[in-house]
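S.K.: If you scroll down you'll find the structure; I have some questions about it.
The values are calculated or read from the model by the stated rules, or taken from the named source; none is laboratory data. Computed from a predicted structure; not experimentally measured. Glycine also receives a Cβ, built like all others from the backbone with ideal geometry; neighbour counts cover every protein chain displayed. For accessibility, only protein heavy atoms count, side chains too; no ligands or nucleic acids. Shrake-Rupley method; radii C 1.70, N 1.55, O 1.52, S 1.80 Å.
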Protein chains: 4
Amino acid sequence: MSSNSFGQLFRVTTWGESHGPAIGCVIDGVPPRLPIEEADIQKYLDRRRPGQSRFTTQRQEPDSVRILSGTFEGVTTGTPLSLIIENVDQRSKDYSEIKEKFRPGHADYTYWRKYGIRDYRGGGRSSARETAMRVAAGAVARKVLGDGIVIRGALVQIGDQSIDRSAWDWDEVDRNPFWCPDAAMAKRWEQQLDKVRKSGSSTGAVIEVTVIGVPAGWGAPIYGKLDADIAAALMSVNAVKGVEIGAGFAAAALSGEDNVDEMRIDNGGAVRFLSNAAGGVLGGISTGQDLVARFAVKPTSSILAPRRTVTIDGEETKISTKGRHDPCVGIRAVPVGEAMLACVLADHQMRHRAQCGE
Amino acid sequence: MSSNSFGQLFRVTTWGESHGPAIGCVIDGVPPRLPIEEADIQKYLDRRRPGQSRFTTQRQEPDSVRILSGTFEGVTTGTPLSLIIENVDQRSKDYSEIKEKFRPGHADYTYWRKYGIRDYRGGGRSSARETAMRVAAGAVARKVLGDGIVIRGALVQIGDQSIDRSAWDWDEVDRNPFWCPDAAMAKRWEQQLDKVRKSGSSTGAVIEVTVIGVPAGWGAPIYGKLDADIAAALMSVNAVKGVEIGAGFAAAALSGEDNVDEMRIDNGGAVRFLSNAAGGVLGGISTGQDLVARFAVKPTSSILAPRRTVTIDGEETKISTKGRHDPCVGIRAVPVGEAMLACVLADHQMRHRAQCGE
Amino acid sequence: MSSNSFGQLFRVTTWGESHGPAIGCVIDGVPPRLPIEEADIQKYLDRRRPGQSRFTTQRQEPDSVRILSGTFEGVTTGTPLSLIIENVDQRSKDYSEIKEKFRPGHADYTYWRKYGIRDYRGGGRSSARETAMRVAAGAVARKVLGDGIVIRGALVQIGDQSIDRSAWDWDEVDRNPFWCPDAAMAKRWEQQLDKVRKSGSSTGAVIEVTVIGVPAGWGAPIYGKLDADIAAALMSVNAVKGVEIGAGFAAAALSGEDNVDEMRIDNGGAVRFLSNAAGGVLGGISTGQDLVARFAVKPTSSILAPRRTVTIDGEETKISTKGRHDPCVGIRAVPVGEAMLACVLADHQMRHRAQCGE
Amino acid sequence: MSSNSFGQLFRVTTWGESHGPAIGCVIDGVPPRLPIEEADIQKYLDRRRPGQSRFTTQRQEPDSVRILSGTFEGVTTGTPLSLIIENVDQRSKDYSEIKEKFRPGHADYTYWRKYGIRDYRGGGRSSARETAMRVAAGAVARKVLGDGIVIRGALVQIGDQSIDRSAWDWDEVDRNPFWCPDAAMAKRWEQQLDKVRKSGSSTGAVIEVTVIGVPAGWGAPIYGKLDADIAAALMSVNAVKGVEIGAGFAAAALSGEDNVDEMRIDNGGAVRFLSNAAGGVLGGISTGQDLVARFAVKPTSSILAPRRTVTIDGEETKISTKGRHDPCVGIRAVPVGEAMLACVLADHQMRHRAQCGE
């Protein structure tokens, strides 16, 4: 019942605090004989790594991952992979003030109330630093899924500025610091975020992850639904406040006629759908269409403007965060969202194979 | 790894098909010596029961629940509760046409692709009939939680018509067939839904569930987050396409200043928050504020207008559903949403007690 | 974390008390399209059924099983099977005395201490009646495993009388009321047990279960070992006090030379072993040899001779059990042991397929 | 469903190969604010450490443990503990011969058949080296349990030589290299094992673990039985072939009269038992008596005498192990058995608290 683990058959357990000696994860259930090396994982970690543009925290972490177990001569052995990243740029001094004060909007207060103790250095376990291990696990999950399944995320909204979906260009995503598929909007976000950053404020975002290549039949009724597991996986990411699949909340305003994805037979005799309001899932099971999930990330709670709060001794006070922080944590959530989808799908691939064969 | 179970310590397993002899559930982990009788459960089932207004399906099911195990002389014994409801009004003839055709927007196709077989009678396992057992389990969960925790749901949107939140009146919720807290909007929905119903169409909805009385400290990092479990629980309900907590998707458009819930000390020396954008959860752990979750339900896929679809033999065809169906399944999702929150919270109450004591 | 469930992918949850209206189980994860009818299950229940000889309890239970869900037109659908057996011959009056007294050797006292309440009628949940559902689940598990895997149990010891292993004849097992593979010993046990039965005493037994046809490779390191799961499964059966695999406790007295099962290549090019001290498992993974497990069952605690005990009010007293009981519960444990092996193997078959493919 | 994890609420996940860079574990669910430092864990690791007498393998491993997460300022924070031990004395050259040959009695062949690949260096994941992390986890579990619960193991049989139980002296256990509670027998074992060691052979053993201080009420019906979990935990230890509780296999030969532990009221008004054939567990729940578990360890399979085996290419051959090995692995299994009991009990303590309160 480990609360630091997820997945049933592709099972990831993470550990580590923001300012401890290291963070890491154990991945159990990985199929044997998959070629995997540290570089395969590092590639994805580098995408999430902080300090790559002025729009993310300036903490400098090389995030160099080591594989401590589970591979032999370059391939997986079926035994658990242990991955570790040493923390390098910790600067504990930055956090001395928050020892006594709860940062509002952060987990400081809730950890305190739950455990009666908290590692206040950089948020301890609640730091977004933990998401590095999600990305590492996601890299392994992609190996399990194989090249036929393509998982790509994009930022579709920053603050109140949403992209123009008709301008969607996947190639554009790697050309700007926002993973934005709309080149024009990327330019506008740059200006918008510079303003936010300079003012010491922050802003929220919406990320969309699309998966191509999932065959029909993955997922399971009733509480093992593919979309229920995706919802949990994405909601578990730091700062996420909402998750939707396909048409999502907009489905509430649709008529039955508009919401139904009609079905036809294509030239090859296969079923094709005329639309994808379902986002690739019906009854918790994949339809074979693209899987489409979106999630909302709240603005970073660490801001320059003083906010009213209380101390651990019950005194009223104010707090202002001057440390290194992301003006929009949603940006770095893009590779994290992709990773979570990868892990959920690797898990369901095995779950489906277990019950139904290939 | 049962996909028909949920919860870790308060663990619910459901079974049964829409047109089988019965549906039921097993609830394991219930604390001993709780007074519970069939009437305690029936009360909630009656709220979800179909056929109570013209806005829900006209299937007539008394939904009489029996307790087959786990209680003795009116109190729980700590052993699993087995609950059963016999299916009465099955009318299998209504469903003969769908034996060969996949109803688009339903799980017909995905079950077929996953299992190579499906119980096509009334949707079989994928029928919303299953939610009766969620409501039954929720009634037991409420007993576990005690009277100090109050869970209430309301419909806040039907189609594109959202309530006026300033008119929110909990007393109003029980006075109209929509669980609508806004009396004026309830009137408008009545007209709106009559039109939808008569045209054989359907519409979506948004439900909001609020929980009062959850103490600070329930939930757990990182993958056992209270909001992640709520997201999975609500997304697992039939037809749900989106889940959000607190400000939810709207948080994306907020500034850090507006999103942070500032903290003060009240006259009694306790912490109070000046707002609740967090919806009662920070870092996956309850803050002690009201828990606020919302979820979107898509329009019923069974509609009168013919929709293009395919047969199990790969032929193109059309389908039109004339059977008994809900013009807005979102209405009956209100007690279901409440029940899912109750179950998640009962589970986390025990999980918290296990690790941290009372 | 349900304590009334077992198995990971082939997951069985049982419920019900000895003197409640019914007992039942839910089996989740069953592969689809397996032909299964009530008669397939009834066949095994009839083997365990009480009252078939004078050596088992005279309680008359037809143990008629009904399938309430999970099959359609005679085959499994992939959704959970719900099985139910109504309790018929309950005679609650037999148990009025034990309402106040703890029967020593029974679970009366421990349930009382754990839960502060107990259903004292016939032992409630702790009754061996629960094992009927294990046998039912085992029948389903055998369908999953297919005919290539043959699971057979035998009684190899009653009291201090062990069979002559050189006289082992599987055909003999069905010819005597003890599932004894040694015809001569069956005769001796008959006399021995008649004496025990008439004196109102009881005796223990050892059961051996052998499985033919398990391919090499099932099971998993380290805590998911096939033998570890077998040990838990057998130890969970009522009255079991010991479990061993292969040479078992006798391995302690062996030299390394005698314990090692040497390996050769047979005429067909396959690996064969020259002995089977390992009992078909090495490192928690099956070797392809016969799986051999043994378990010890203590004597029935319900005996005629008065035993010293205490009341729920802390008074010293004595108790003598005159109700219907088994002079040797080990006899009826034979089909139960087989069933547990079947369930564990069905689970591991799927677990293996999930990670490693077929 | 991680096969490298065990426990439900006190959940241990281990990783690492015998000749990889390190081994480690993650312990989730640990209650907060427990004082724990590396020295608390090291103390137990030193008891298991190889090379401490001539009767265990001469591999020299300092087994220095580091805590990488989950504590802050010397106490647990409620987040997962990550423990790591670097492998130092690996001598990979010793194992070159076994690259092509399966060592009979080892897991070489089964890992190969399961995964199609194996890390042959020192047994890889199947090495008894993994048990170091069990001991480390056990040290943490003892902290959870507190000083009121005392867990002690002893070797009660080597080869066919059993101790004289009337000579049992716990103080003696720490005075000889065998954890033997019978001083006279320790002397005889010394001679016996010297002979075994010099001849390059090996021998089996039986270990008994006793736990004092477990309150009545821990454990749970039906599949979460305390003794079922103990059976799985002990059977999962390398080379274990049998597990028993209380009278164990000897219970089969007892009469009901002799097996029943009669109950009285002691002077303080508490229940006391007149014997302990049950070994402290009835119906899967603790009675409050001493918990008594025994397990049998087979002789080390690595022996000097050549044994017939096959190669990975299906050729017949012989193998003789000249590397560093334990003449009796059962010796080092004593602290491992204690650790497993500690982990199971810590888990059940929390499980009991979750459902029933303190």
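S.K.: Any residue at all in segment A:90-106 that is under 23 Å from the mean Cα position of the chain (by Cα), closer than 19 Å to D:S3 by Cβ and not aromatic (F, W, Y)?
M.R.: no
S.K.: Follow-up question, since we're still on this one. May I ask you to say which residue of A:P177, A:P181, A:P215 is under 11 Å from A:A154 (Cβ atoms) and in contact (Cβ under 8 Å) with a residue 24 or more places away in the chain?
M.R.: On the way: A:P177 fails: under 11 Å from A:A154 (Cβ atoms); A:P215 fails: under 11 Å from A:A154 (Cβ atoms).
It is A:P181.
Table: residues versus (1) in a loop (DSSP other than H, G, I, E, B); (2) open to solvent by 40 Å² or more (accessible area, probe 1.4 Å).
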site: B:P62; (1), (2): yes, yes
site: B:R66; (1), (2): no, yes
site: B:G78; (1), (2): yes, no
site: B:D89; (1), (2): yes, no
site: B:G124; (1), (2): no, no
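S.K.: On to the next question. If you scan segment D:107-122, which residues turn out to be modelled with pLDDT of 95 or more, part of a loop (DSSP other than H, G, I, E, B) and crowded, with 21+ Cβ neighbours inside 10 Å?
M.R.: Within segment D:107-122, the subset modelled with pLDDT of 95 or more is D:107-117.
Now drop any that are not part of a loop (DSSP other than H, G, I, E, B), which leaves D:107, D:116-117.
Hit for segment D:107-122 is D:A107, nothing else.
S.K.: Could you please find all residues in segment B:179-200 being touching an Asp or Glu at 6+ places or on another chain (Cβ under 8 Å) and not charged (D, E, K, R)?
M.R.: At the first step, the residues of segment B:179-200 found to be touching an Asp or Glu at 6+ places or on another chain (Cβ under 8 Å) are B:180-186.
Result: B:C180, B:P181, B:A183, B:A184, B:M185, B:A186.
S.K.: Looking at this structure, is D:D313 open to solvent by 30 Å² or more (accessible area, probe 1.4 Å), part of a helix (DSSP H, G or I) and among the acidic types (D, E)?
M.R.: Working: open to solvent by 30 Å² or more (accessible area, probe 1.4 Å): yes; part of a helix (DSSP H, G or I): no; among the acidic types (D, E): yes.
Taking the combined requirement at face value, the residue does not satisfy it.
S.K.: Would you check which residues across segment C:136-155 are surrounded by fewer than 24 Cβ atoms within 10 Å (Cβ to Cβ), under 23 Å from C:C25 (Cβ atoms), out of contact with any helix residue (DSSP H, G or I) (no Cβ under 6 Å at 6 or more places or on another chain) and not basic (K, R) and list them?
M.R.: Within segment C:136-155, C:G146, C:I149 qualify.
S.K.: Moving on. What number of residues in segment A:247-284 are more than 18 Å from B:K114 (Cβ to Cβ) and either over 24 Å from the mean Cα position of the chain (by Cα) or open to solvent by less than 10 Å² (accessible area, probe 1.4 Å) (or both)?
M.R.: Of the residues in segment A:247-284, the ones more than 18 Å from B:K114 (Cβ to Cβ) are A:247-260, A:262, A:264-269, A:272, A:274-277.
Restricting the remaining residues to those that are either over 24 Å from the mean Cα position of the chain (by Cα) or open to solvent by less than 10 Å² (accessible area, probe 1.4 Å) (or both) gives A:248, A:251-260, A:262, A:264-269, A:272, A:274-275.
Qualifying residue count, segment A:247-284: 21.
S.K.: Cβ contacts < 6 Å: first residue at the interface with chain D (Cβ under 7 Å from one of its Cβ atoms) and closer than 19 Å to D:E316 by Cα, restricted to segment C:252-268; second residue among the hydrophobic types (A, V, I, L, M, F, W, C) and surrounded by 14 or more Cβ atoms within 10 Å (Cβ to Cβ), any location; separation 6+ or different chain. Result?
M.R.: Partner pairs satisfying both residue conditions: C:E257/D:A305; C:D261/C:F273; C:D261/C:A277; C:D261/C:A278; C:M263/C:V271; C:M263/C:F273; C:M263/D:V310; C:I265/D:V310.
S.K.: Name the pairs: first residue in segment D:108-121 and more than 7 Å from chain C (Cβ to nearest Cβ) and in contact (Cβ under 8 Å) with a residue 40 or more places away in the chain, second residue part of a helix (DSSP H, G or I) and surrounded by 24 or more Cβ atoms within 10 Å (Cβ to Cβ), Cβ to Cβ under 8 Å, at least 6 apart or on different chains?
M.R.: Cβ pairs passing all conditions: D:D119/D:R125.
S.K.: Something else now. Residues that are surrounded by fewer than 24 Cβ atoms within 10 Å (Cβ to Cβ), within 14 Å of chain D (Cβ to nearest Cβ) and in a loop (DSSP other than H, G, I, E, B): does segment B:329-351 have at least one?
M.R.: No, segment B:329-351 contains no residue that is surrounded by fewer than 24 Cβ atoms within 10 Å (Cβ to Cβ), within 14 Å of chain D (Cβ to nearest Cβ) and in a loop (DSSP other than H, G, I, E, B).
S.K.: Note down all Cβ pairs under 6 Å where the first residue falls in segment A:20-35 and is more than 7 Å from every other protein chain (Cβ to nearest Cβ) and farther than 30 Å from D:E73 by Cα, the second is open to solvent by less than 10 Å² (accessible area, probe 1.4 Å) and not aliphatic (A, V, I, L, M), and they're at least six residues apart or on different chains.
M.R.: A:V30/A:T76; A:L34/A:T76
S.K.: Still on this structure, please answer the following. With the checklist (1) outside any strand (DSSP E or B); (2) under 30 Å from C:R11 (Cβ atoms) in hand, flag the one item C:R294 doesn't pass.
M.R.: (1)
S.K.: Based on this model, can you work out whether C:V30 counts as of a type outside the set (D, E) and either outside any loop (DSSP other than H, G, I, E, B) or open to solvent by 10 Å² or more (accessible area, probe 1.4 Å) (or both)? Break it down stepwise before answering.
M.R.: Values: of a type outside the set (D, E): yes; either outside any loop (DSSP other than H, G, I, E, B) or open to solvent by 10 Å² or more (accessible area, probe 1.4 Å) (or both): no.
Taking the combined requirement at face value, the residue does not satisfy it.
S.K.: How many residues are touching a residue at least 60 places away in the same chain (Cβ under 8 Å) and assigned to a strand (DSSP E or B) if we restrict to segment C:274-287?
M.R.: Going residue by residue through segment C:274-287, those that are touching a residue at least 60 places away in the same chain (Cβ under 8 Å) are C:280-281, C:283-287.
Filter again for assigned to a strand (DSSP E or B), leaving C:281, C:285-286.
Number of matching residues: 3.
S.K.: Follow-up. Does segment B:40-58 include one or more residues that are open to solvent by less than 30 Å² (accessible area, probe 1.4 Å), over 16 Å from B:A342 (Cβ atoms) and modelled with pLDDT of 95 or more?
M.R.: The answer is no; no qualifying residue exists.
S.K.: Could you tell me whether segment D:68-75 includes any residue that is at pLDDT 95 or above, surrounded by fewer than 19 Cβ atoms within 10 Å (Cβ to Cβ), touching a Pro at 6+ places or on another chain (Cβ under 7 Å) and in a loop (DSSP other than H, G, I, E, B)?
M.R.: Yes, segment D:68-75 has at least one match.
S.K.: Something else: Being within 9 Å of another protein chain (Cβ to nearest Cβ), over 22 Å from C:V336 (Cα atoms) and under 22 Å from the mean Cα position of the chain (by Cα) narrows it down to one residue among D:V173, D:V196, D:V206; which is it? Please lay out each step first, then the result.
M.R.: Details: D:V173 fails: within 9 Å of another protein chain (Cβ to nearest Cβ); D:V196 fails: under 22 Å from the mean Cα position of the chain (by Cα).
Criteria check complete, one pass: D:V206.
S.K.: Scan (1) under 29 Å from A:A205 (Cβ atoms); (2) touching an Asp or Glu at 6+ places or on another chain (Cβ under 6 Å); (3) more than 7 Å from chain A (Cβ to nearest Cβ) for the single condition B:R272 breaks and write down its number.
M.R.: With (1) under 29 Å from A:A205 (Cβ atoms); (2) touching an Asp or Glu at 6+ places or on another chain (Cβ under 6 Å); (3) more than 7 Å from chain A (Cβ to nearest Cβ) applied to B:R272, the lone miss is (1).
S.K.: Still on this structure, I have one more. Kindly provide the set of residues from segment A:172-196 that are open to solvent by less than 20 Å² (accessible area, probe 1.4 Å) and small (G, A, S), ordered by number.
M.R.: Once the filter is applied, which keeps residues that are open to solvent by less than 20 Å² (accessible area, probe 1.4 Å) and small (G, A, S), segment A:172-196 yields only A:A186.
S.K.: Let me ask something else about it. Scan segment D:7-19 residue by residue and report those that are within 13 Å of chain C (Cβ to nearest Cβ) and in contact with a Ser or Thr (Cβ under 7 Å, 6 or more places away or on another chain). I'd like the intermediate steps shown before the answer.
M.R.: Here is the first cut: in segment D:7-19, the ones within 13 Å of chain C (Cβ to nearest Cβ) are D:7-18.
Within segment D:7-19, D:R11, D:V12, D:T13, D:W15, D:G16, D:E17, D:S18 meet the criteria.
S.K.: Residue by residue through segment B:91-106, note down the ones that are open to solvent by 40 Å² or more (accessible area, probe 1.4 Å) and assigned to a helix (DSSP H, G or I).
M.R.: B:S92, B:K93, B:D94, B:S96, B:E97, B:K99
S.K.: Are there any pairs, at least 6 apart or on different chains, whose C-beta atoms fall under 6 Å, with the first in segment A:288-306 and farther than 15 Å from A:A107 by Cα and at the interface with chain B (Cβ under 8 Å from one of its Cβ atoms) and the second open to solvent by 30 Å² or more (accessible area, probe 1.4 Å) and not in a loop (DSSP other than H, G, I, E, B), and if so, which?
M.R.: Partner pairs satisfying both residue conditions: A:A296/B:F249; A:A305/B:E257.
S.K.: Is there a residue being closer than 30 Å to B:I98 by Cα and among the hydroxyl-bearing types (S, T, Y) anywhere in segment B:234-257?
M.R.: Step one: of segment B:234-257, the residues closer than 30 Å to B:I98 by Cα are B:234-242.
Next, only the ones that are among the hydroxyl-bearing types (S, T, Y) stay: B:236.
Within segment B:234-257, one or more residues are closer than 30 Å to B:I98 by Cα and among the hydroxyl-bearing types (S, T, Y).
S.K.: Sticking with this structure for a sec: Search segment C:197-232 for residues being modelled with pLDDT of 95 or more and assigned to a helix (DSSP H, G or I), and hand back the single one that is surrounded by the fewest Cβ atoms within 10 Å (Cβ to Cβ).
M.R.: By that ranking, first place goes to C:A232.
S.K.: Now for a different question. Quick check, is B:R142 outside any loop (DSSP other than H, G, I, E, B), under 27 Å from B:L341 (Cβ atoms) and within 14 Å of chain A (Cβ to nearest Cβ)? Don't jump to the end; show me each part of the working.
M.R.: Numbers: outside any loop (DSSP other than H, G, I, E, B): yes; under 27 Å from B:L341 (Cβ atoms): yes; within 14 Å of chain A (Cβ to nearest Cβ): no.
For B:R142, the condition - outside any loop (DSSP other than H, G, I, E, B), under 27 Å from B:L341 (Cβ atoms) and within 14 Å of chain A (Cβ to nearest Cβ) - is not met.
S.K.: Which of (1) more than 9 Å from chain A (Cβ to nearest Cβ); (2) at pLDDT below 95; (3) buried (at least 24 other Cβ atoms within 10 Å of the Cβ) does B:S320 not meet, given it meets every other one?
M.R.: Status for B:S320: all satisfied but (3).
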